[in-house]
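Worksheet: the structure to be examined is printed underneath.
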Amino acid sequence: MIMTDQAEKLRATFQARERENSLPGFRDSGRHARVFTVASGKGGVGKTSLVVNLGLALTRIGCRVVIIDADLGLANIDVMINTVPKYNLADVVNGSKNLQEIIIKGPLDLKIVPGGSGLFDLANLDRVKRTTLLEQFGELEEEGDFILIDTSAGISRNVVSFVGAADDFILVTTPEPTALTDAYSMLKVISERGYKKKSHVVVNLTRGVSQGQKIYNGLHRVVENYLPAMELNYLGDVRYDPVVSSAVHNFCPFVISHPNSAASTALSRIAWRIAANGEAEMPSTRGIAGFIDRLRKQ
Ligand SMILES: Nc1ncnc2c1ncn2[C@@H]1O[C@H](COP(=O)(O)OP(=O)(O)O)[C@@H](O)[C@H]1O
Ligand SMILES: [Mg+2]
C-alpha cells in the first residue's frame, strides 16, 4: 500500500510539474527527449531487466518512455514483454516500413523500437538510407520524454559510440569483482575517448542493505584516483530478488507483476531520481536528433 501511495504522489507531482514545465531535465525546454544509453561491460548483470522495468517505472510516474533494443546479438526485450516483433530498424533503413509501423506497444504505453541491424550499420549506410533513418528517428522526439537504449555486453565500438552519443549514460554493475572490473574498463574507454559525461551507476544484485553504496564508494575512489575527469553519480541499488527471474518466466515485467517487491521499490526510487535529476552535461544538440548527429560523427 505504501508503494501505491508513493506512486500516486509521484505521479501527481510529475503531472503538476509537467504542466508547469518546471522540472529540470523533464521536457524543460521545448520537446527534447532525454536519451540514456544503458551499458555494463560484463553481460548478465541485469541491463535488460533494468531497461524494461525502469521504462515502466518511469511511465508509472507520468513520463512517456521509448526503449530502443540495440542488443543485436541477444535482443530480448520483446521476450520480456511477450511479443514477437515482425519488423525492426533494418526495415526502416531499407525504406519498407516507417518508424510508426515497427514500434511495439508494451504495457503501460511503453514503446519499444526493435533494433535489428539498422542502427548498427549506420557508418556504412549510403546517404539516402541514412537520411531515411534520421528523418524517421527525429519522430521519436515526439514519442517520449525518455529514450532508453539497451545495449550488448562488452566494450564494442558500437556500444561505446552509443554511450558517447547519448545525453546520459547508465552503467550497470553487480558487486562481483569481474563485473566491477568490466565496469571500470568501460569508464576508462569512455574517459579516454574524451566523452565528458556523467556516468550514473546502478549496482544490481546486491545482498544486504548497504552493499550497493559500499560497492559504489569503492568504484568512486578508484575512478577519482585514475580517471579524474570522469564524474560518477550513484543512482541506487537493486537487491537480489527472486521476483525478477520469475517475472521473466511469466513474460510479465516485475514492476507490473510484483509492484510491491523489493526490486520494484528500488526501480521506483531510481526512476524518481532520473526524472528529478537535471541534465548533467548539456550537449549542444539534445534529444534524439543530437544523439544521431553525434553517432554519425563517431
Ligand atoms: N535484481 C535481480 N534479482 C534477481 N535476478 C536478477 C536481478 N537482475 C537481473 N536478474 C536476472 O539476471 C539474469 C540476467 O539479466 P538480464 O537483464 O538479461 O542481464 P543483461 O541484459 O545485462 O545480460 C536474468 O535471468 C535476470 O532475471
Ligand atoms: Mg540484455
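Among the residues of segment 240-252, are any at pLDDT 95 or above and more than 10 Å from ligand 1 (Cβ to nearest atom)? The answer is no, given that none of the residues of segment 240-252 is at pLDDT 95 or above and more than 10 Å from ligand 1 (Cβ to nearest atom). Taken over segment 147-160, the criterion of being more than 15 Å from ligand 1 (Cβ to nearest atom), in a helix (DSSP H, G or I) and buried (at least 21 other Cβ atoms within 10 Å of the Cβ) is satisfied by Val160 alone. Restricted to segment 176-277, the set of helices (runs of 4 or more DSSP H) holding at least 1 residues that are open to solvent by less than 30 Å² (accessible area, probe 1.4 Å) and touching a strand residue (DSSP E or B) at 6+ places or on another chain (Cβ under 7 Å) comprises 177-192, 211-226, 262-276. Might you check whether a residue that is within 12 Å of ligand 1 (Cβ to nearest atom), over 15 Å from Thr37 (Cβ atoms), open to solvent by 10 Å² or more (accessible area, probe 1.4 Å) and at pLDDT below 90 occurs anywhere in segment 77-86? Yes: one or more hits. Of all residues in segment 232-259, those satisfying the criterion of being out of contact with any Ser or Thr (no Cβ under 7 Å at 6 or more places or on another chain) and farther than 18 Å from Thr206 by Cα are Val248, His249, Phe251, Cys252, Pro253, Ile256, Ser257, Pro259.
Of the residues making up segment 44-74, those that are small (Gly, Ala, Ser) and either open to solvent by 10 Å² or more (accessible area, probe 1.4 Å) or within 13 Å of ligand 2 (Cβ to nearest atom) (or both) are Gly44, Gly46, Ser49, Gly62, Ala70, Gly73. Within segment 44-72, restricting attention to residues that are touching a Ser or Thr at 6+ places or on another chain (Cβ under 8 Å) and within 10 Å of ligand 1 (Cβ to nearest atom), the residue that is farthest from Pro85 (Cα to Cα) is Val45. Against the condition within 16 Å of ligand 2 (Cβ to nearest atom) and at pLDDT 95 or above, how does Leu205 come out, does it pass? For Leu205, the condition - within 16 Å of ligand 2 (Cβ to nearest atom) and at pLDDT 95 or above - is met.
Which condition number in (1) more than 16 Å from ligand 2 (Cβ to nearest atom); (2) modelled with pLDDT of 55 or more; (3) within 22 Å of Gly236 (Cα to Cα) is the one that Phe26 fails? Here Phe26 meets the rest and fails (2).
Taken over segment 63-107, the residue count meeting the criterion of being free of Cβ contacts under 8 Å to residues at least 12 places away in the same chain and within 19 Å of Arg130 (Cβ to Cβ) is 2. In this structure, does Phe120 turn out to be at pLDDT below 75, aromatic (Phe, Trp, Tyr) and within 18 Å of the chain's Cα centre (by Cα)? When the stated conditions are applied, Phe120 passes them. The C-beta contact set for segment 39-62 (first residue under 15 Å from His258 (Cβ atoms), second residue charged (D, E, K, R), distance under 7 angstrom, 6+ apart or interchain) comprises Arg60/Arg11.
Restricting attention to segment 157-164, does a residue exist that is in contact with a helix residue (DSSP H, G or I) (Cβ under 7 Å, 6 or more places away or on another chain) and within 14 Å of Gly236 (Cα to Cα)? So far as segment 157-164 goes, no, none of its residues is in contact with a helix residue (DSSP H, G or I) (Cβ under 7 Å, 6 or more places away or on another chain) and within 14 Å of Gly236 (Cα to Cα).
The values are calculated or read from the model by the stated rules, or taken from the named source; none is laboratory data. Being a predicted model, the structure only gives us computed values, none of them experimental. Heads up, the Cβs are rebuilt from the backbone with ideal geometry, glycines too, and the neighbour counts pull from every protein chain shown. SASA here: full protein model, heavy atoms, side chains in, ligands and nucleic acids out. Shrake-Rupley method; radii C 1.70, N 1.55, O 1.52, S 1.80 Å.
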